[in-house]
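Structure first, commentary second.
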Amino acid sequence: AELANDVRKGMTNKEFVLFFQPQIDTNLNIIGAEALIRWYHPTRGLVTPGHFIDVVEETGLILPLGQWVLDRACQVIAQWENASSTKNLTLSVNISARQLMQSDFVEQVMASLKRSGANPQRLKLELTESMLLNDVQDTILKMNLLGDQGVSFSLDDFGTGYSSLSYLRQLPLEQLKIDQSFVQDLENQTTIAQTIVTLAKGLDMSVIAEGVETEEQYRALALYGCEAYQGFYFGRPMPLNDFLARVEHHL
Ligand code: G
Ligand code: G
Ligand code: MN
Ligand code: NA
């Protein structure tokens, strides 16, 4: 309860920020970023979501906080539109089940896009397998409504949930995101990562590997035909200005 109050105060005092983790293509160009929330706590310093996201979900604070994340992400996309080096970048935003289940979720996303003037084609929403199955038909409807506007969807932590392959075909997903557990244990999990790459291609989806920490992992994934990468090997989640400096200087 104390933490929840702290979060409320933090929202009022604008203590939350988005960090940006680069996403890279096979030619090592930065193609976008995942937005990851951080909290500049007045006494505890920089706090990662592992320390507060559960409480935020349980208390329902994820609704206003998630709305703030969407607003901020759309503002950034709109800014990126102004420079040739950033105008083609996509920004991936994590969406929680509580948010997606809101009856006006579609309207909320559209309102964020409209307020900021962001290009919907640059916004990618990350969903997880478990949340898709709450009400598959409702989820598909929402995804299609946003998809009609140009918003795309990525399936986060793929391979750790329980989505059946038949659902996977019904869902209008643009991308599968290989869970980092398969990437970091590539010696033992080669088949899984490789199979997810093949599956994505067969379903006409793009594929991104997350949690890439070494050059060996990147090379192995590239051999399997993986097209995009994210992980500490290419860059940790970082403040916006650091991310922009990397894009500018092709670091
Ligand atoms: O960097 P990392 O510690 O950022 O993130 C930890 C967890 O918090 C991940 O599961 C990530 O998906 C989640 N997370 C990070 N930012 C957000 C956000 O803006 N919204 C939601 N719902 N989850 C987030
Ligand atoms: O659940 P989700 O996939 O959204 O969360 C991403 C989480 O993974 C964040 O906490 C992020 O900081 C973390 N992360 C990103 N890249 C790496 C990596 O290369 N290695 C590890 N161990 N964690 C990573
Ligand atoms: Mn994610
Ligand atoms: Na993930």
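The values are calculated or read from the model by the stated rules, or taken from the named source; none is laboratory data. All of these numbers come straight from a predicted model, not from anything done at the bench. All Cβ positions, even for glycine, are placed from backbone atoms using ideal geometry, and neighbour counts span all protein chains on display.
Observations on the model:
- Residue in region 51-70 that is of a type in the set (Asp, Glu) and under 19 Å from residue 152 (Cα atoms) present: no
- Near pairs, Cβ below 8 angstrom, 6+ apart or cross-chain, from region 151-170 (farther than 20 Å from residue 209 by Cα) to any residue that is outside any loop (DSSP other than H, G, I, E, B) and hydrophobic (A, V, I, L, M, F, W, C): 151/109; 151/113; 151/123; 151/125; 167/132; 167/136; 170/136; 170/140
- Annotation note: of 197, 247, the sole residue that is part of a helix (DSSP H, G or I), in contact with a strand residue (DSSP E or B) (Cβ under 8 Å, 6 or more places away or on another chain), among the β-branched types (Val, Ile, Thr) and in contact (Cβ under 8 Å) with a residue 60 or more places away in the chain is 247.
- Matching residues in region 13-45 - criterion: being of a type outside the set (A, V, I, L, M, F, W, C), within 15 Å of ligand 1 (Cβ to nearest atom) and surrounded by 19 or more Cβ atoms within 10 Å (Cβ to Cβ): 21, 22, 23, 34
- Any hit, region 43-51, residues being farther than 24 Å from residue 106 by Cα and small (Gly, Ala, Ser): yes
Yes/no matrix, rows are residues, columns are (1) within 12 Å of ligand 2 (Cβ to nearest atom); (2) at pLDDT below 95; (3) among the hydroxyl-bearing types (Ser, Thr, Tyr):
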| residue | (1), (2), (3) |
| --- | --- |
| 176 | no, no, no |
| 206 | no, no, yes |
| 235 | yes, no, no |
| 250 | no, yes, no |
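- Checking each residue in region 174-194 for being assigned to a loop (DSSP other than H, G, I, E, B) and closer than 18 Å to residue 136 by Cα picks out only 174.
- Pick from region 148-173, criterion of a type outside the set (Gly, Ala, Ser), crowded, with 18+ Cβ neighbours inside 10 Å and part of a loop (DSSP other than H, G, I, E, B), ranking: modelled with the lowest pLDDT: 171
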